[in-house]
Amino acid sequence: MLILLAGGAGYIGSHTAVELMAAGHDVVIVDNYSNSSPEVIKRIEELAGRSVTACEADVRDSSAMRLIMKANPVDCVVHFAGLKAVGESMRKPVEYYRNNIDTTLTLLECMKECGVHNFVFSSSATVYGEENPYPYVETMPRGSCSNPYGWTKFMMEQILEDASRADPELSVILLRYFNPIGAHPSGRMGEDPQGIPNNLMPYVAQVAVGRRDHLTIFGNDYPTPDGTCRRDYIHVMDLAAGHVKAVEYAATRKGTDIFNLGTGTPCSVLDIVRAFEKNSGVPIKYEFGPRREGDLPEFWANADKARTVLGWTAARTLDDMCRDTWNWQRNNPKGYAS
Ligand code: NAD
Ligand code: UFG
């Protein structure tokens, strides 16, 4: 199949591109490089061993998207092209709603015009909100979100469900990611945040490589086994493999279906620090700070549905996640600019 990856030069999209090509599919990447770089395309080609069609465009630009879809007989669209920093979304809500909602609407409109019927969407565990008990199951209602980023995912899920209800030809798969970390085992691709990392793993990796002095752990008085928050960390290569299954499944059915992509196992901030130290041999300096506003004490996935319906499970361990992150970070201390 030919898969259009909107935002395919980003962290999750780039790993998914390599996995899709390894499974025998072809990809067209559309990215405006607002949070990535064209260097990523070279790395994807290097790892896949063949060339990739890459178009520099804003996914909100409907004339550009129409041209791209008319020139390439796309079977499925995977939509990664979002702004994703929770804190930034509170300072710039309008930018977040504009970018995230508009990209989704533009893709849906162009797909309809060009006869593309399969859509896989990068959603997030954040849509379960604050009310649902964990582990989260796909049948739970969406909850209320604590920030505009989360609300964009909530709204985009609703838009996609409505669109598939109205169009009997449309197949929509909502993938709710838990906490993606790790990197390609080659050390050639990984997460490359701009500025100070918001997320835990890239921050830990930058402390290890000497770019940051120490990690601040946000709170150690949570009602969890060691007092620090627990999350469901998932290796980005497992997540990428989940996309291959989802794209193939999308082509076999109609309507909306939802899958959690997580391991089903919670892990604390201190577990991450210790596992990273073990796998890198580098001590991580840290101190405890106050809680971060909006953080839930803990949540993780019930990943049964992805196993039974898609035949997918997360195979990689926390040691794999830390080893591959460190391999990427130490070989590319400044990310793709190294
Ligand atoms: P990323 O920022 O690395 O990748 C997103 C890509 O989209 C970037 O390359 C960026 O340049 C591009 N992009 C953004 N807006 C665009 C536009 N208007 N036109 C063209 N390109 C555009 O992020 P990621 O971590 O790979 O996340 C991918 C998706 O998964 C996002 O939608 C994100 O919200 C979602 N998600 C990520 C996480 C996570 O922890 N990384 C968790 C849950 C959900
Ligand atoms: N943390 C620290 N110090 C840091 C960074 C993070 O202690 O410097 C802690 C946080 O308090 C939290 C845990 O590490 O307890 C994980 O935090 P992340 O920021 O890495 O991840 P979140 O669980 O907050 O959010 C991530 C994505 C969201 C997504 C959510 C669920 O950033 O986009 O997972 O998928 F919605």
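Restricted to strands (runs of 3 or more DSSP E) entirely inside the range 124-232, those with at least 2 residues that are closer than 29 Å to Glu45 by Cβ are 171-177, 179-181. Of the residues in the range 265-287, how many are open to solvent by less than 40 Å² (accessible area, probe 1.4 Å) and in contact with a helix residue (DSSP H, G or I) (Cβ under 8 Å, 6 or more places away or on another chain)? Number of matching residues: 9.
The single condition among (1) within 12 Å of ligand 1 (Cβ to nearest atom); (2) assigned to a loop (DSSP other than H, G, I, E, B); (3) within 24 Å of Ala183 (Cβ to Cβ) that Leu5 does not satisfy is (2). Which residues, taken from the range 76-94, are open to solvent by 50 Å² or more (accessible area, probe 1.4 Å), more than 10 Å from ligand 1 (Cβ to nearest atom) and of a type outside the set (Lys, Arg)? Glu88, Met90, Val94, listed by residue number. Just to verify a result, which residue in the range 95-130, among those that are under 10 Å from Met156 (Cα atoms) and hydrophobic (A, V, I, L, M, F, W, C), is least open to solvent (accessible area, probe 1.4 Å)? Per the criteria, the residue is Phe121. Please verify whether the range 56-68 includes one or more residues that are at pLDDT 95 or above and either over 23 Å from Ile101 (Cα atoms) or within 16 Å of ligand 2 (Cβ to nearest atom) (or both). No - not one qualifying residue is present in the range 56-68. Residues in the range 53-75 that are β-branched (Val, Ile, Thr) and either open to solvent by 40 Å² or more (accessible area, probe 1.4 Å) or part of a loop (DSSP other than H, G, I, E, B) (or both): Thr53, Val59, Val74. Restricting attention to the range 288-304, does a residue exist that is in contact (Cβ under 8 Å) with a residue 24 or more places away in the chain, in a helix (DSSP H, G or I), open to solvent by less than 70 Å² (accessible area, probe 1.4 Å) and within 26 Å of Thr224 (Cβ to Cβ)? No, every residue in the range 288-304 fails to be in contact (Cβ under 8 Å) with a residue 24 or more places away in the chain, in a helix (DSSP H, G or I), open to solvent by less than 70 Å² (accessible area, probe 1.4 Å) and within 26 Å of Thr224 (Cβ to Cβ).
The values are calculated or read from the model by the stated rules, or taken from the named source; none is laboratory data. Just so it is clear, the model here is predicted, and its values are computed rather than measured. Positions of Cβ are backbone-derived with ideal geometry, glycine not excepted, and every protein chain shown enters the neighbour counts. The accessibility values were calculated without ligands, DNA or RNA, using every heavy atom of the protein model including side chains. Shrake-Rupley method; radii C 1.70, N 1.55, O 1.52, S 1.80 Å.
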